[in-house]
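Right, one structure below, let's go through it.
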Amino acid sequence: MSETSRVALTLLAGIVLIFGVAAFVWLILGIALKPTVKVCLALAGANALLAYSISSDTYRPSYPGLWTYWGSDVASIAGFALLLLAIMQMDGRSKAWRPGAAITVLAAAALLSRPYGARLAWHSVIVFGCLALLASMMAWQAVKTMCKQVRPRMALLTASPLIAMALLLALRLVEILQTPHVPLTLVAETPFNLVWLWSTLVLGLGLNGTMAFLLLMRLILDIQRLTVRDPLTDVLNRRALSEAIEREHLQSLRGVPYALVMLDMDRFKTLNDTLGHAAGDAALKVLVATLKPCVRDVDNLGRLGGEEFCVLLPGTDVVGAFLVAERMRANLEAIDFRWNDEPWPLSASFGAAQAEPEDLSAEDVLRRADQAMYQAKVQGRNLVQAV
Ligand code: GH3
Ligand code: MG
Ligand code: MG
């Protein structure tokens, strides 16, 4: 064996080792990090498939057969499809498996449609074409995901190993297209192949590093979300809403008005006692889904606790707040809520108030809205009262 092919083999062993170790680490992380188990398992599977693909590719000369040729090729495409799945899952995309699965199945069929002979250009074009396509989709998805959290330049930097991987694979594709008569093998004694293997080794590390970084960002974002959102209904929690109201109150001192609508579901205890706590939780979610379309993007809906909610309406006076509350009340009353096929009418009582120049703090506005809501309860419920 010549010196260069020994170097190529050593590099290949290094690449297989990196993917193998990464598969094991992701598997352990998947077991330990329950909320991200699907992402970690997809990444473990991707690394395992890539390790298999590269090692079986190396064994082609000694064990020519379906599993070292077709199996190896399909494993590499399936590995990249799993990487794409993991990135899309991190972004919370539904049916994330579809694009990768479609590309893998089509490629697997296309690879089988011609026999593996001495001329492998047809198969190599399909493999590297699919890998370059999947890597580009991964890079695009990673940039899109990161842009939601950081500035575009930083997003590009984070996704740079994926972009480099896509370019590297596209380069390999160009090389195959330019020299279709040269059989492609990863142990080839060409300077291009050695440079390519070195780059793959470095990018194997970079790829997993990027995935770990993206996952970490996802977890941090989830934790951040939990600190400001109510876990049941996903609206602002009491603290976050109070902070938003305080900020709005400071603005109102400079002449920008705002109003608050307080609301409390009617006879919610009876619903809980009759249909059960799960029905109560479902009713709270239905309530939020009904209220949300009634408010603008600049408005803030928050849960103060139990079945009590509050809406902050910037730039709105009490007349406007009354109209919003009345729309909410009517929409809720019209909902056909059922639990185990048993219908249950939903309604709430509303109180609206606007900030006045003499209000010392937001607490004063909240108190008036609360008193108005209490009046609505006293007057028979399913009503809007404004002060
Ligand atoms: P009213 O018309 O006077 O508002 O009567 P009500 O029954 O709605 O008022 P009350 O304050 O007596 O009851 C509130 C109930 O809300 C008590 C509690 O069991 C229920 N509750 C509070 N938080 C939750 C929750 O997160 N989920 C569910 N299912 N029930 C909750
Ligand atoms: Mg109530
Ligand atoms: Mg209550």
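The values are calculated or read from the model by the stated rules, or taken from the named source; none is laboratory data. Here the structure is a predicted model, which is why all the values come from computation and not from measurement. Every residue, glycine among them, receives a Cβ derived from its backbone with ideal geometry; neighbour counts consider all protein chains shown. SASA here: full protein model, heavy atoms, side chains in, ligands and nucleic acids out. Shrake-Rupley method; radii C 1.70, N 1.55, O 1.52, S 1.80 Å.
Things to note:
- Filtered residue count, the range 6-43, keeping only those that are polar (S, T, N, Q) and either outside any helix (DSSP H, G or I) or surrounded by 16 or more Cβ atoms within 10 Å (Cβ to Cβ) (or both): 1
- Condition broken by Met262, with the remaining ones in (1) out of contact with any helix residue (DSSP H, G or I) (no Cβ under 6 Å at 6 or more places or on another chain); (2) closer than 17 Å to Glu308 by Cα; (3) within 16 Å of ligand 2 (Cβ to nearest atom); (4) not aromatic (Phe, Trp, Tyr) satisfied: (1)
- Test set (1) within 16 Å of ligand 3 (Cβ to nearest atom); (2) closer than 19 Å to Ala369 by Cα - Pro314 fails condition number: (1)
- The combined condition, being part of a loop (DSSP other than H, G, I, E, B), in contact (Cβ under 8 Å) with a residue 60 or more places away in the chain and in the same structural domain as Val202 (by TED's automatic domain parsing), is fulfilled by Arg60.
- Residues satisfying the criterion are present in the range 289-310 (criterion: crowded, with 16+ Cβ neighbours inside 10 Å, within 30 Å of the chain's Cα centre (by Cα) and of a type in the set (Val, Ile, Thr)).
- If only residues of the range 253-273 that are open to solvent by less than 70 Å² (accessible area, probe 1.4 Å) and of a type in the set (D, E, K, R) are counted, the one that is nearest to ligand 3 (Cβ to nearest atom) is Asp264.
To keep it simple, each residue is scored yes or no on (1) more than 16 Å from ligand 2 (Cβ to nearest atom); (2) over 19 Å from the mean Cα position of the chain (by Cα); (3) outside the structural domain of Ala51 (by TED's automatic domain parsing); (4) under 30 Å from Ala8 (Cα atoms).
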{"residue": "Leu203", "(1), (2), (3), (4)": "yes, yes, no, yes"}
{"residue": "Thr210", "(1), (2), (3), (4)": "yes, no, no, yes"}
{"residue": "Leu250", "(1), (2), (3), (4)": "yes, yes, yes, no"}
{"residue": "Thr270", "(1), (2), (3), (4)": "no, yes, yes, no"}
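- Qualifying position, being at positive phi and among the small types (Gly, Ala, Ser), among Gly117, Gly45, Gly92: Gly92
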